[in-house]
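Enquirer: Please see the structure below; I have some questions.
Only the coordinates and a few stated rules stand behind these numbers; no lab work does. Being a predicted model, the structure only gives us computed values, none of them experimental. Cβ placement follows ideal geometry from the backbone for every residue including glycine, while neighbour counts extend to all protein chains displayed.
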Amino acid sequence: MTCATHVMEKFPELYAHFAVGDQTLIHGDAYVANMYFDDGGNKIGYLDFQMVTRGHGVREVTYLLGSCLAPEVTEGNIKRLLGVYCQHLAEQGVELSEHAAWQQHQESALYLMVSCIVNGALGHMQTEAINRQCVERAMQLVVNCNAMEYLTRNC
């Protein structure tokens, strides 16, 4: 069974995991092409709000980092960055353990992979080169965080 086939078969169960635990408002398509920055680089905003929903904030972090950064950058830094994210949440009175954040990251990596594959299959949202890069980055993220093992164990 291929990785993509396994994910698609398990996707309803995986998607149900997104509704478990604390939720927040998320953009749903948090990648750099949907962001804008002021001239000084101090303020960031989002465009394109068709995918806004509620969910785990980690999904946004994974989606942004996994689709925009090279796999070798995320592989060496993702646990540290998730730790920083958890610390900032705690400073705001929101508790999220690093273990829970890691599990949400694994789930979100699978979601990103499916999103990139679907977007590429549509063929009109981005160029073929951008679609290919997104799929490759997402698949490497899935490998780097052992998301397939998580899927097999928990869904």
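Enquirer: About the Cα centre of the stretch 23-104, what is the dipole size in debye to 20, counting +1 per Lys and Arg Cβ and -1 per Asp and Glu Cβ, all else neutral?
Expert: 160 debye
Enquirer: Using the charge dipole of the chain (Lys, Arg: +1 at Cβ; Asp, Glu: -1 at Cβ; taken about the Cα centre), state which of T152, I44, G66 has its Cα farthest towards the positive end.
Expert: With unit charges placed on the Cβ atoms, the residue in question is T152.
Enquirer: Could you let me know the centre-to-centre spacing of the stretch 1-54 and the stretch 62-133, using Cα atoms, in angstrom?
Expert: Using only Cα atoms to place each centre, the spacing works out to 8 Å.
Enquirer: Turning to a different aspect of this structure: Calculate log10 I(q)/I(0) of the chain for q = 0.12 Å⁻¹, where I(q) comes from the Debye formula with a single equal point scatterer on each Cα and nothing for solvent.
Expert: Summing over Cα pairs of the chain leads to -0.50.
Enquirer: Still on this structure, I have one more. Assign unit charges at the C-beta atoms only (+1 for Lys and Arg, -1 for Asp and Glu), then state the dipole size of the chain relative to its Cα centre in Debye, rounded to the nearest 20.
Expert: 180 debye
Enquirer: Report the trypsin sites (Lys or Arg not before Pro) located in the stretch 25-90 that are in a DSSP loop and have at most 16 other Cβ atoms inside 10 Å of their Cβ, or state none.
Expert: Those that pass, being in a loop and sparsely packed, are K43.
Enquirer: Among 83-96, 17-30, what's the highest-first ranking by average C-beta atoms within 10 angstrom per residue?
Expert: 17-30, 83-96
Enquirer: In addition: Could you state the per residue volume, in Å³, of the convex hull enclosing the Cα atoms of the stretch 36-83?
Expert: That works out to 111 Å³ per residue.
Enquirer: Oh, and also: So for the stretch 86-126, Kirkwood radius off the Cα pairs, Stokes-Einstein at 25 °C and 0.890 mPa s: how many µm² s⁻¹?
Expert: The calculation lands on 203 µm²/s.
Enquirer: Eigenvalues of the Cα gyration tensor times 5, then square-rooted: what semi-axes does that give for the stretch 93-155, in whole angstrom, largest first?
Expert: Listed largest to smallest, the semi-axes of the stretch 93-155 are 26, 13, 10 Å.
Enquirer: Taking H placed 1.01 Å from N in the peptide plane, check which residues at least 5 places from I26 or on another chain put their amide H under 5 Å from its amide H.
Expert: Hits under the 5 Å cutoff: T53, R54, G55.
Enquirer: Further question on the same structure: Among S67, S115, which comes first, second and so on when ranked by fewest other beta-carbon atoms within 10 Å?
Expert: S115, S67
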